[in-house]
Amino acid sequence: MSIMVNGSPTEDFKFADDTVLVGEGSWENIWTIKDYLKRFRTCVWAEDIPFKFLGLPVGANPRRLITWKPVVESMTKRYKESFGNVLSWEGTISRSTDSFWWRDILKVGGMEGDLWFPKNVSSVLGNGKLIGFWKEKWLGEVPFSELFPNLFLKEIDPNVVVAKRLVRHRDDRSWYWQWRSILMQEEEDDLLYFQHLLLDVEVVVDRTDRWKWIPDHSGKFTVKSAYLILQNRKSITS
């Protein structure tokens, strides 16, 4: 907590949204406090403050794209470190090296293992190079790892992407399976049904895989839709 006593800053004084100004009710103190605030305002307008808050330079113009560049670069790096090349949330937990922002994202709406956010996200197939074949919701409402658990257990690479399983040669295409062991008859039947579900799947070579926000009809994330989800969860658990 930052405190100004009798118009003079304490050792840990800083202007922030938690600053408390304490002093005797005198005009001298009021004018002293006003003087400090005016100096601070001048520094902000001059963009002269050499520090950042939440990754953004204090006093920078938020309407300029360059202001947000460090944040975008930081999040891009964090995304790659957390998920690699696969759009997967499966098993996601916070680590000691993660930023406070990312830990909060994982905790919002419940415990970290709850992962309410990824439950409301699906993957839209493009070239298939980023979507996990088994663990992502990219065809239907349930990941194939849950729909065909026996086949998933036989899969050599649980994190394999769609592009590695769908092989195309000119106009022909085929599914390339790799199993840990020979499939049993029941598993063969599952595979036959599975391949029937995959008949209409087409990858788009020149389009990157992307995420879709399920709660909004546009497929784009909105704060309002996320808020309504959390409110609904709160009413159910309370």
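So the values come out like this:
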read-out: Test: residue in the stretch 209-221 that is surrounded by 13 or more Cβ atoms within 10 Å (Cβ to Cβ) and without any contact (Cβ under 8 Å) to a residue 24 or more places away in the chain; value: yes
read-out: Residue check, Asp206 among the acidic types (Asp, Glu), in the same structural domain as Trp134 (by TED's automatic domain parsing) and touching a helix residue (DSSP H, G or I) at 6+ places or on another chain (Cβ under 8 Å); value: no
read-out: Extreme residue, surrounded by the fewest Cβ atoms within 10 Å (Cβ to Cβ), among residues of the stretch 125-182 that are in a helix (DSSP H, G or I) and of a type in the set (D, E, K, R); value: Glu146
read-out: Among the residues listed as Arg180, Arg233, the single one being farther than 30 Å from Phe117 by Cα and either touching a strand residue (DSSP E or B) at 6+ places or on another chain (Cβ under 8 Å) or not assigned by TED's automatic domain parsing to the domain that holds Gly128 (or both); value: Arg180
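The values are calculated or read from the model by the stated rules, or taken from the named source; none is laboratory data. Since the structure is predicted, the reported quantities are computational estimates derived from the model, not experimental observations. Neighbour counts run over all protein chains shown; Cβ positions are idealised from the backbone, glycine included.
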